[in-house]
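Notes for the one structure printed next.
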């Protein structure tokens, strides 16, 4: 028999190469599929991350805008409440001043002042009401053109009341404070002043 032909050393057998190719090809295909899937998954993950980040940013921006709107509404409410409170306080103060300027308001002021400053009770206050009813009718703007006496207590001249306050021409409380002080220093009490007025038609 002829001697077998030997393959040169170092060259692979064709059968071995074929078998290796048959085994490697599917593995390469599987590897390619896996790599492609991983790349696709990575791209999808990146896209999802970007979308999620954008949604979070939008949501955060929306929440911030809502909070700012809420804060602004609260501030507007507080400002409106403060303006209303200030207006109410001013109206109350104006009403109080207007009330004090009435005969009833002036009498209420005089009664409280007579009790707190001089300890005079209702009996003395009754004499004071009669005295100043005769003098001015408890009218803070009363003025006697003949004598020049002015105000609720008919101070003569009216400028005397400036020692009780520079606002004596517009504030009945200032006139009352001066009048009570005058009665206390000159007669001792409203009833004594009223008694003198009944006898001499002045006090």
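Considering only alpha-carbon pairs that sit under 8 angstrom and 6 or more positions apart, the relative contact order computed for the range 60-203 is 18 percent. What the Cα convex hull of the range 103-200 gives, in volume per residue, is 87 Å³.
With the simple model of a label 7 Å out from the Cα in the direction of the Cβ, residue 123 to residue 169 spans 4.1 nm.
Spin-label model, residue 46/residue 98: points 7 Å from Cα along the beta carbon direction are separated by 7.8 nm. Packing around the peptides 66-78, 186-198, taken as the average count of other Cβ atoms within 10 Å per residue, puts them in this order, highest first: 186-198, 66-78.
Any read-out appearing in this document is the output of simple, stated calculations on the displayed coordinates, not a laboratory observation. Owing to the predicted nature of the structure, the values given are computational and were not obtained by experimental measurement. So basically every Cβ, Gly included, is an ideal-geometry build from the backbone, and we count neighbours across all protein chains shown.
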